[in-house]
2 protein chains.
Amino acid sequence: MRKLKDSRRAEIVDAALFVAAEQGIKAVSMRAVAARIGLTSMALYGYFRNKDELLDAIIGRMLADISRPASGLDWRETIRHLAAEVRSVARRYPSVVPLLFTRPAVSPSAIMVIDLLFEALLRAGVEPAQVPRMERMISTFIIGYAISEVSGRFSEGSLDTRSRRAQLRPDLLPGHRLLAEHLDAPVDWDAEYQADLDDFLDVVAGLAARDRGHRAPIAEP
Amino acid sequence: MRKLKDSRRAEIVDAALFVAAEQGIKAVSMRAVAARIGLTSMALYGYFRNKDELLDAIIGRMLADISRPASGLDWRETIRHLAAEVRSVARRYPSVVPLLFTRPAVSPSAIMVIDLLFEALLRAGVEPAQVPRMERMISTFIIGYAISEVSGRFSEGSLDTRSRRAQLRPDLLPGHRLLAEHLDAPVDWDAEYQADLDDFLDVVAGLAARDRGHRAPIAEP
DNA sequence: ACCTGAACACCGTTCAAGT
DNA sequence: ACCTGAACACCGTTCAAGT
């Protein structure tokens, strides 16, 4: 598996990501990917045990597009940078992003992003024992939001608001009725994403303050 | 599409969910589902335009397993109840849950859950204009966490920690190195989920306090 | 009204065979 | 060392035909 030329392997992954970007993840078949670079589907089995392994490689390749945060950034700017990068990668390869949740994050590029989040949370002053939890919490939200945006979980739902409420007996949906005016208003997704991130950064800052308090309590006046 | 007997339609959806629970979502083919109830694949096209529509119906059927919160619960308990229900449904139908993010939430059962969240956030005192954002933020996390748990994004990643770090030059992963002891420790996922939810409830409470402050400012002493 | 047989254009994967 | 032809057991979907 690993003996074969790495350049050929990379060529296959690039072709697969290209097919996914052009025609969606459903069009990524062993035959189609191989044909794109003048091979037959059976040739790919020299480089990947099966299609799942190829899909894992596609995820790694996609995440490799995430740029490292500039070195001068503080912890808040670092997290904001990574969040923005994940979102922009998601827009570049919409149909690939859902795979992020379906498969374990083991590619080198995924581990790099996790490591940068670890560092940022430590610099924020979060107790080390709490850092992995916060990393999972924040990355779960970031990836989930990215998928929701590109797969239409948000937008189609809100476009559909009028018919959605007509569909059911209104007395069964008191929440929707009370919020009627706000549900029909268009949403500024960029602003919402920033607001959500700000809330997360506040949670991190609050956690750090609590931890500092426990470790080195300051006398109350 | 809608003229055909509803009971037959429900029978098909039940069969599909059964196949998914037993053999995974990949085994849910039109032929397999139809065969389970003594039909041919082509019969299903009288009830669903295509396979995607059947998958949407499966999601709706799965979410219908979520129980309504008891009427006496306060807003925190309501959100905790819904979060626990989503997680337990995810464990019941692991391979179906990833579809939640891939397709819009338009089924009646999905809308019911959203409505209950709307109500809880309003009762918490969140400004109505902020309620839809908070609903999306919290449900994105809840669904994302459920998928991550059942699809192994978390567990395989952390089981693999040792080899993961060996795999890369350690000087490139300063975050992992600083957290070494905490990355090898086993994780109590129930406790982590509760801690994450508590953080979200704090965000909601903080937002509500801020909004109350704006609407009816209290004179400072 | 409800269902099917036959057919089309696809899949992933294996295995023996080619150069 | 690298690749392919042929084959197997599947897919989703359409359409004309059955009762």
(1) of a type in the set (Phe, Trp, Tyr); (2) more than 10 Å from DNA strand C (Cβ to nearest atom); (3) surrounded by fewer than 19 Cβ atoms within 10 Å (Cβ to Cβ): which one isn't true of B:Tyr45, the others all being true? (2)
Going by the structure shown, is A:Ala20 closer than 27 Å to A:Ser151 by Cα and either away from DNA strand D (no atom under 16 Å from the Cβ) or within 14 Å of chain B (Cβ to nearest Cβ) (or both)? yes
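Just to check your reading of the model, which residue among A:Arg133, A:Arg123 is under 21 Å from the mean Cα position of the chain (by Cα) and at pLDDT 95 or above?
One residue alone meets the criteria, A:Arg133.
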When segment A:100-136 is checked residue by residue, the ones that are of a type in the set (Asp, Glu) and either out of contact with any Gly (no Cβ under 7 Å at 6 or more places or on another chain) or in a loop (DSSP other than H, G, I, E, B) (or both) are A:Glu127, A:Glu135
Of the numbered conditions (1) touching an Asp or Glu at 6+ places or on another chain (Cβ under 9 Å); (2) touching a residue at least 24 places away in the same chain (Cβ under 8 Å); (3) at the interface with chain B (Cβ under 7 Å from one of its Cβ atoms), A:Phe101 satisfies every one except a single condition; which is it? (1)
Residues satisfying the stated conditions in segment A:104-122, i.e. more than 7 Å from every other protein chain (Cβ to nearest Cβ) and more than 23 Å from A:Arg212 (Cβ to Cβ): A:Ser107, A:Ser109, A:Ala110, A:Met112, A:Val113, A:Ile114
Say whether the condition of being more than 16 Å from DNA strand D (Cβ to nearest atom), away from chain A (no Cβ under 14 Å) and either part of a helix (DSSP H, G or I) or acidic (Asp, Glu) (or both) is met by at least one residue in segment B:41-60. no
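Does A:Ala70 satisfy being away from chain B (no Cβ under 14 Å) and near DNA strand C (Cβ under 9 Å from one of its atoms)? Full working, then the answer.
Values: away from chain B (no Cβ under 14 Å): yes; near DNA strand C (Cβ under 9 Å from one of its atoms): no.
No; evaluated as a whole, the condition is false for this residue.
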Would you call A:Glu156 part of a helix (DSSP H, G or I), surrounded by fewer than 17 Cβ atoms within 10 Å (Cβ to Cβ) and at pLDDT below 60? yes
Picked from segment A:11-34 (must be among the small types (Gly, Ala, Ser) and in contact with a helix residue (DSSP H, G or I) (Cβ under 8 Å, 6 or more places away or on another chain)), the residue farthest from DNA strand C (Cβ to nearest atom) is A:Ala21
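This table checks each residue for (1) out of contact with any helix residue (DSSP H, G or I) (no Cβ under 9 Å at 6 or more places or on another chain); (2) closer than 20 Å to B:Leu197 by Cα; (3) of a type outside the set (A, V, I, L, M, F, W, C).
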| residue | (1), (2), (3) |
| --- | --- |
| B:Ser41 | no, no, yes |
| B:Asp56 | no, no, yes |
| B:Arg92 | no, no, yes |
| B:Phe101 | no, yes, no |
| B:Val106 | no, no, no |
| B:Val113 | no, yes, no |
| B:Ala124 | no, yes, no |
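Can you say whether B:Ala90 is within 11 Å of the chain's Cα centre (by Cα) and buried (at least 21 other Cβ atoms within 10 Å of the Cβ), as far as the supplied structure shows?
Details: within 11 Å of the chain's Cα centre (by Cα): yes; buried (at least 21 other Cβ atoms within 10 Å of the Cβ): yes.
Taking the combined requirement at face value, the residue satisfies it.
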Residues that are at pLDDT 95 or above, assigned to a loop (DSSP other than H, G, I, E, B), farther than 30 Å from B:Trp189 by Cβ and in contact with a helix residue (DSSP H, G or I) (Cβ under 6 Å, 6 or more places away or on another chain): does segment B:63-83 have at least one? no
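Could you please find all residues in segment B:123-154 being at positive phi and either of a type in the set (Asp, Glu) or within 7 Å of chain A (Cβ to nearest Cβ) (or both)?
As a first pass, look at segment B:123-154 and keep what is at positive phi: B:125, B:152.
Scanning segment B:123-154 gives a single hit, B:Gly152.
Against the definition (within 30 Å of A:Tyr193 (Cα to Cα) and within 12 Å of DNA strand D (Cβ to nearest atom)), how does A:Lys26 come out, yes or no? Give the derivation first.
Values: within 30 Å of A:Tyr193 (Cα to Cα): yes; within 12 Å of DNA strand D (Cβ to nearest atom): yes.
Judged against the criteria, A:Lys26 is a match.
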Among (1) within 16 Å of DNA strand C (Cβ to nearest atom); (2) touching a residue at least 12 places away in the same chain (Cβ under 8 Å), A:Asp65 falls short only on (1)
Using the structure shown, decide if A:Ile37 is more than 14 Å from DNA strand C (Cβ to nearest atom), within 14 Å of chain B (Cβ to nearest Cβ) and of a type in the set (Val, Ile, Thr). no
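The values are calculated or read from the model by the stated rules, or taken from the named source; none is laboratory data. What you are looking at is a predicted structure, and each value in this text was computed from that prediction instead of being measured. Neighbour counts are summed over all protein chains in view; Cβ atoms, including those assigned to glycine, are modelled from backbone coordinates with ideal geometry.
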